[in-house]
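Peer 1: This is the structure I want to talk about, given as structure tokens.
What follows draws every value from the coordinates through simple rules; no lab data is involved. Quick caveat: nothing in here was measured; it's all calculated off a predicted structure. Ideal geometry is used to build each Cβ from the backbone, glycine not excepted, and the neighbour counts take in all protein chains shown.
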Amino acid sequence: MKYEVLVEVRLRPGIADPQGATIERALPALGFEGVDDVSVGKAFRLSIEASDEPAARDRAVEMADRLLANPVIEVSTVTVLDGAR
Amino acid sequence: MATKIGVVVFPGSNCEHDVVKALGLFGPARVEAGLVWHGERSLAGYDAIVLPGGFAHGDYLRPGALARFSPVMEAVAKYAADGGPVVGICNGFQVLTEAGLLPGALQKNRGLRFLCTTVGVSVCTTRTVLTGESTVGAQLSLPINHFEGNFTCDAATLERLRAEDRIVLRYTANPNGSLDDIAGVCNEDGNVVGLMPHPERACDAMTSSTDGMGLLESLVVAATRRAHVPV
């Protein structure tokens, strides 16, 4: 079965995120006050063939750990978006 | 016999000819430098390997992230483990960190600017294949040309790099936010070195300093030594 999976990769807490900081500073200029903790990362949408949802998640986590994120500077979160299709 | 130095070409590398040309300055009697396609699985016969600058595999995903999976990288890892001299310049440094052959990572420059300028660096150790003929404290003027050259690693790794004398070069005026002003690091044995500045572009007095020649001289000496290791 195919599972739609979202992998989000962002910089580890404590690693400087100049893009996030720049956007955070820009937002008030447009009138968006009260926004903080802006971080910039990458999002990957994957369609994964797997026997069930936990298996799809496990495969995505492994992909994130081994390729999609660099564990030295990045962390990832995996979300299975909907059930099997 | 001339020592044989291989310069790896990934799709998207763009400094390989600069490296070959700079190594050619040592003369055909000392050095025979040639290109090695990234699909190569053996590095037999080479006395040193250089991973040049550029945009290997388009720098897609992250610089070096996909180059790590090129067939040649397995051979580079074996070659390095066997004590062979390996130098990664700029994108080559990024490839070596992604491949786990060097610690840390290169993230976007502080200030989010692509930097194309000449910087001062000082030599911090001579225990490596790139600085063996240099002296600690030597001041060099070298070009940099990168967007992701901001070296970072966790506190424990930094402590280890300092304690093990593995910080090879430091910027004299930090251009990119690199942790501890680091411009280059090496592995435990000093035979794998990565650096962001381009020594190969500092070898011609007409266009630049010639400070890169001293570093390449060290590599040639290390390669020559390697060539005489009985197999």
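Peer 1: Are any of the residues in the stretch B:139-148 in contact with a Pro (Cβ under 9 Å, 6 or more places away or on another chain), closer than 28 Å to residue A:13 by Cα, buried (at least 16 other Cβ atoms within 10 Å of the Cβ) and within 12 Å of another protein chain (Cβ to nearest Cβ)?
Peer 2: yes
Peer 1: I'd like the residue in the stretch B:53-102 that is of a type in the set (D, E, K, R) and part of a helix (DSSP H, G or I) and, out of all such residues, is farthest from the other protein chains (Cβ to nearest Cβ). Can you show your working first?
Peer 2: Initial filter on the stretch B:53-102 (of a type in the set (D, E, K, R)): B:59, B:62, B:68, B:74, B:78, B:82, B:98.
Those left that are additionally part of a helix (DSSP H, G or I): B:59, B:68, B:74, B:78, B:98.
Numbers: B:59: 13, B:68: 9, B:74: 15, B:78: 20, B:98: 7 Å.
Looking at residues that are of a type in the set (D, E, K, R) and part of a helix (DSSP H, G or I), I get B:78.
Peer 1: Report yes if residue B:130 is away from every other protein chain (no Cβ under 14 Å), part of a loop (DSSP other than H, G, I, E, B) and buried (at least 22 other Cβ atoms within 10 Å of the Cβ), otherwise no.
Peer 2: So residue B:130 fits the description; yes.
Peer 1: Within the stretch B:158-201, which strands (runs of 3 or more DSSP E) (wholly inside it) include 2 or more residues that are touching a Ser or Thr at 6+ places or on another chain (Cβ under 7 Å)?
Peer 2: Of the strands (runs of 3 or more DSSP E) lying wholly inside the stretch B:158-201, those with at least 2 residues that are touching a Ser or Thr at 6+ places or on another chain (Cβ under 7 Å) span B:167-171, B:192-195.
Peer 1: In the stretch B:175-188, what count of residues is obtained for those that are out of contact with any Cys (no Cβ under 9 Å at 6 or more places or on another chain) and closer than 15 Å to residue B:218 by Cβ?
Peer 2: 1
Peer 1: Same structure again: Which is touching a residue at least 60 places away in the same chain (Cβ under 8 Å) and within 22 Å of residue A:18 (Cα to Cα), of B:145, B:191?
Peer 2: Matching residue, one of B:145, B:191: B:145.
Peer 1: Out of the residues in the stretch A:22-73 that are in a loop (DSSP other than H, G, I, E, B) and of a type in the set (A, V, I, L, M, F, W, C), state the one that is nearest to residue B:70 (Cα to Cα).
Peer 2: A:69
Peer 1: Hey, another quick one. Could you list all residues from the stretch B:94-118 that are of a type in the set (Ser, Thr, Tyr) and surrounded by 20 or more Cβ atoms within 10 Å (Cβ to Cβ)?
Peer 2: B:97
Peer 1: Could you check, for the stretch A:66-80, whether at least one of its residues is more than 19 Å from residue B:108 (Cβ to Cβ) and among the acidic types (Asp, Glu)? Steps first, please.
Peer 2: From the stretch A:66-80, those more than 19 Å from residue B:108 (Cβ to Cβ) are A:66-67, A:77-80; that's our starting set.
Adding the requirement that they be among the acidic types (Asp, Glu) leaves none.
There is no residue in the stretch A:66-80 that is more than 19 Å from residue B:108 (Cβ to Cβ) and among the acidic types (Asp, Glu).
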